[in-house]
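Every read-out reported here was derived from the displayed coordinates using simple, explicitly stated rules and does not represent laboratory data. Computed from a predicted model, the values in this text were never measured in an experiment. Note that we place each Cβ from the backbone using ideal geometry, even for glycine, and neighbour counts take in every protein chain shown.
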Amino acid sequence: MRSAVVVFPGINRERDMAIALAASSGRPPRMLWHTETDLTGLDLVVLPGGFSYGDYLRCGAMAAQSPVMRSVSAFARRGGYVLGVCNGFQILTEAGILPGALLRNAGLRFLSRDCYLRVERADTVFANNYQRGQVFRSPMAHGDGNYYADEATLDWLEGENLVAFRYASATGALTPEANLNGSARGIAGLYSRNLRVLGLMPHPENRVDPLLGGADGKPLFDALTAAFAPARP
Amino acid sequence: MSERRGDGEGPGVKAIVTVMLKDGVLDPQGRAIAHALHALEFAQVGDVRVGKVIEIELAEADADRAHAAAEEMARKLLANTVIEGFRVRIEA
């Protein structure tokens, strides 16, 4: 898998993401500075977590206007695979690549803790190592992860089956208590219509090694690696 | 007076862009402020909404053109129109 991790000023999870990608694929990702625009030859572009441009104006607003994002938008339009985690998800919505927006957490607190995610569909390149309805544990760390879209957009997302993950209890129940940041319909992650762009707030890349408390996030990176493995003779 | 300057110098105006969350978008910060105001015994306080004010100096002497430019800036960057609305005011 030929992947790249985009590095914006103020990002802080790019190395965690690079470690997760390299651990699964055996190949370190290219690190792409935000001023670069050449994405030639890449299977996957990853927008990692952090606080690009200090979250000034709105989370992801400045990054969405950067030179690299014009290339990422074009890459996504051509059918390229893009993963955006946390700030990366915020950037994808600010750039209009995914619908909706991420608001301040409903409880106003920055939430740095584990959460449970229910897999809403498993027939994608990102999630096919999970089962539909499976619950896995993932760290989360954000102040603005409260997913918002108007009702018509939410109905459209549900109708097109584009919800990737929802916040759930350990047993998979969708309860208000499990929906830690107050997201509309418990949405933690979303696909684009062609299922090639995934944005999510939690950090599966921080749970890919039993030494760090579990490997619940590793199936996602293994699935991507398998999808882009060179065909064997 | 009508000469247009694009180099950031010369006579200009100030654009004041006010960005607010749209009605119907929950504003937990505004709600927390309302709670605090009630705690201070301002019993007359109802709904509170929090927004941003962005002041931009413009090297543009024509108020209409300045207004149009500031609106474009708001649409492209200053406001996220999925969740926010904006108002532009031009000050000489």
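Across peptide A:101-107, the mean count of Cβ atoms from other chains lying within 10 Å of each residue's own Cβ comes to 4. Looking at chain B, what % of the alpha carbon pairs are farther apart than 23 Å? Cα-Cα pairs in chain B separated by more than 23 Å: 41 percent. I need the shape label for the range A:45-128. Rule: rounded when a/c is under 1.5, else prolate if a/b > b/c, else oblate, with a, b, c from the alpha carbon gyration tensor. Taking the square roots of the gyration eigenvalues as a ≥ b ≥ c, the range A:45-128 is oblate.
Note on B:13-24: average number of Cβ atoms from other chains within 10 Å of each residue's Cβ is 1. For the peptide B:80-86, the mean number of other protein chain Cβ atoms found within 10 angstrom of a residue's Cβ is 5. A simple packing score, the average count of other Cβ atoms within 10 Å per residue, orders the peptides B:12-23, B:29-40 as B:12-23, B:29-40, with the highest score first. Sorted from greatest to least, the principal axis extents spanned by the alpha carbons of the range A:125-233 come out as 49, 34, 24 Å.
Size estimate for the range A:148-210 follows the Kirkwood approach: the inverse of mean 1/r over distinct Cα pairs works out to 12.7 Å.
For a label point 7 Å from the Cα of A:GLU177 along Cα→C-beta, name the residues of the range A:93-124 whose backbone N is under 14 Å from it. Backbone N within reach: A:116. In a reduced charge model with +1 at each Lys and Arg Cβ and -1 at each Asp and Glu Cβ, the protein assembly as shown shows a dipole moment near 1000 debye about its Cα centre. Put simply, when A:75-83, A:161-169 are sorted by average Cβ atoms within 10 angstrom per residue, most first, you get A:161-169, A:75-83. Pair-distance distribution of chain A: all C-alpha pairs, bin width 10 Å, starting at 0; shares per bin in whole percent are 8, 37, 40, 14, 1, 0.
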